[in-house]
Amino acid sequence: TILVLGASGQIGTELTQKLREVYGETNVIASDIREGNAEMMASGPFEIIDATCKETILSVVQKYKVNQVYLLAAMLSATAEKFPQKAWDLNMSSLLAVLDLAKEKHIQQVYWPSSIAVFGSSTPKNNTPQQTIMEPSTVYGISKISGEFWCNYYHQKYGVDVRSIRYPGIISWKTKPGGGTTDYAVDIYFKAIEDKKYECFLSENTRLPMMYMPDAVNATIQLMQEKSENIKIRTSYNLSAIDFTPKEIAAEIQKHVPDFQITYNPDFRQAIADSWPSSINDDHARKDWNWKHNFDLETMTKDILKNLKK
Ligand code: VAH
């Protein structure tokens, strides 16, 4: 069976839903520090777990004979700047707890997400390569780059089968934004439908790498199903789909909501966004495990607005 830690979060919610479709609802145990949405709570087993507590995770692993853990619990970039120590503790102790369970053979496979936040202002901004200068300037980025090297260490030293993806900004409509810097691109769709206007906390030409949730969820499951010998990178894979600016996404929305208005009022999150790349090179993921994305800005926008207008 599969255990999802952080199942009530933005990615966890939709990853749990997809895993239950693929593996069967009773074979995917959802867990978080708080309950998830009604659909998740109704569609399969749920456990309240503090992801930093190894003993609690182990007891649930033993209760359901878990062999795969997806660790999606974390504090994201903007919130982490407000609570640095809490973010470090949550992001790191949850990872080390799960890696130790794998080292001790309680579980056989681990998924853990990294982020483009591992890159900093000194990283080449366009078509950022898999291996390059990485000087993160956010607490979130520091925790993610540290986590990548812990994953690689546990794989090299103890043979732990841990796999990871550096997610770009993930766009979805099923859960409200959760404290990320890229979450303007989630909120903008809700506001376009509700108010026909949106005040953006990033400047109009801030280009960031992004991906629609279905692509991110499919990539995650595809990576975990790949034969282990094909996974050449055990820190974390660059993954790319689209990149756009607030101005470009607003123009795409205006094709469907003609009187939608965007204004700009950059805040502390502008400095975070400015430290990240504008586009990512993911040749390694495409070569090692045949990754390819399906959604672009146009098809993503159509799909989101179709669902939000229901
Ligand atoms: C954040 N959505 O904004 C996350 C992600 C690359 C961005 O890590 O913090």
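Looking at the chain only, what percent of DSSP beta bridges run antiparallel? Nearest 5 please.
Working: 3 of 31 bridges.
Of all bridge pairs located within the chain, approximately 10 percent are antiparallel.
Along the Cα-to-Cβ line of residue 204, 7 Å from the Cα, sits a label point; which residues in the range 264-278 have backbone N less than 20 Å from it?
Residues 264-271, 273-274 fall inside that zone.
Could you check the spin-label model distance between residue 254 and residue 307? Points 7 Å from the Cα along Cα→Cβ, value in nm.
It is 2.6 nm.
Rounded to the nearest 0.05, what FRET efficiency is calculated for residue 265 and residue 96 with R0 set to 35 Å and r the Cβ-Cβ distance? Intermediate values should be presented prior to the final figure.
Details: r = 39 Å, r/R0 = 1.11.
The computed FRET efficiency comes out at 0.35.
How high is the relative contact order of the range 7-110, in percent, with contacts defined as C-alpha pairs under 8 Å that are six or more residues apart?
Working: 130 pairs, mean separation 24.6, N = 104.
Relative contact order, the range 7-110: 24 percent.
Please state the charge dipole magnitude for the chain, taken about the Cα centre, from unit charges on C-beta atoms (+1 on K and R, -1 on D and E), reported in debye and rounded to the nearest 20. Each step should come with its number before you reach the end.
On the way: 34 positive and 37 negative charges, 84 e Å.
Dipole size: approximately 400 debye.
Round to a whole angstrom and tell me the spacing of the C-alpha centers of the range 116-132 and the range 180-254.
16 Å
Can you tell which of 256, 155, 284 shows the greatest fluctuation in a Gaussian network model of the chain with Cα springs below 10 Å?
256
What's the extension gain from residue 193 to residue 79 if we count 0.36 nm per residue and subtract their Cα-Cα distance? Before the final figure, lay out the partial values.
Working: separation 114, 0.36 × 114 = 41.04 nm, distance 2.58 nm.
Length gained between residue 193 and residue 79: 38.5 nm.
In the calculated pair distance distribution of the range 1-56, what percentage of Cα-Cα distances lie above 20 Å? Walk me through the intermediate numbers first.
Details: 194 of 1540 pairs.
That fraction is 13 percent.
For residue 25 and residue 146, compute 0.36 nm times the residue count separating them, minus their Cα-Cα distance, and round to one decimal in nm. Show your work: numbers first, answer last.
Numbers: separation 121, 0.36 × 121 = 43.56 nm, distance 3.34 nm.
My answer for the length gained is 40.2 nm.
Between 86, 63, 232, where does the largest GNM mean-square fluctuation fall for the chain, given springs only between Cα atoms within less than 10 Å?
63
How do the peptides 157-169, 286-298 rank, highest first, by the average count of neighbouring beta carbon atoms within 10 Å per residue? Numbers along the way, then the final one.
Details: 157-169: 21.1, 286-298: 15.5.
Going by the mean number of other Cβ atoms within 10 Å, highest first, we get 157-169, 286-298.
What's the carbon and sulfur percent of the chain's accessible surface, probe 1.4 angstrom, rounded to a whole number?
Values: 6540 of 12770 Å².
Of the solvent-accessible surface of the chain, carbon and sulfur hold 51 percent.
Compute the acute angle (0 to 90°) between the alpha-carbon long axis of helix 54-64 and the principal axis of greatest extent of the alpha-carbon atoms of the chain; round to the nearest 10°.
The answer is roughly 80 degrees.
If contacts are Cα pairs under 8 angstrom and at least 6 residues apart, what is the relative contact order of the range 225-310 in percent? Don't jump to the answer; show the numbers that get you there.
Values: 46 pairs, mean separation 41.8, N = 86.
Contact order relative to length: 49 percent.
In the range 199-243, how does Rg compare with the Kirkwood Rh, expressed as the Rg/Rh ratio over alpha carbon atoms?
On the way: Rg = 14.7 Å, Rh = 13.0 Å.
Rounded to two decimals, Rg/Rh equals 1.13.
Which residue fluctuates the most in the chain, going by a Gaussian network model with Cα springs under 10 Å, if the choices are 248, 199, 39?
Between 248, 199, 39, it is 39 that shows the largest mean-square fluctuation.
Which distance in Å, rounded to a whole number, links the C-alpha centroids of the range 54-69 and the range 78-111?
Comparing the Cα centres of the range 54-69 and the range 78-111, I get a distance of 15 Å.
Can you tell me the accessible area per residue over the chain, all protein chains present, probe 1.4 angstrom, in square angstrom? Write down the numbers at each step before the final one.
Values: 12770 Å² over 310 residues.
Per residue, the chain has 41 Å² of solvent-accessible surface.
Based on the Cα atoms of the range 162-241, what semi-axes does the equivalent ellipsoid have, where each is the square root of 5 times one gyration tensor eigenvalue, given in whole Å with the largest first?
31, 13, 9
Just the accessible area for residue 122, please: 1.4 Å probe, Å², rounded to the nearest 10?
Taking all protein chains as shown, residue 122 has close to 50 Å².
Let me check against my output: what whole-number percent is the relative contact order of the range 1-59, with C-alpha pairs under 8 Å and at least 6 apart? Present the calculation step by step, with values, prior to reporting the outcome.
Working: 93 pairs, mean separation 19.2, N = 59.
Contact order relative to length: 33 percent.
Provide Rg over Rh for the chain; use the alpha carbon set for both Rg and the Kirkwood Rh (inverse mean inverse pair distance).
Values: Rg = 18.6 Å, Rh = 19.6 Å.
Using only Cα positions, Rg/Rh for the chain is 0.95.
Using amide H atoms built in the peptide plane, which far-off residues or other-chain residues are under 5 Å from residue 200 H to H?
263, 264, 265
The values are calculated or read from the model by the stated rules, or taken from the named source; none is laboratory data. Computed from a prediction, not measured in an experiment: that's the story for all the values here. Because the Cβ atoms are built from the backbone with ideal geometry, glycine has one as well, and the counts that use them run over all protein chains shown. Heavy atoms of the whole protein, side chains included, go into the accessibility calculation; ligands, DNA and RNA do not. Shrake-Rupley method; radii C 1.70, N 1.55, O 1.52, S 1.80 Å.
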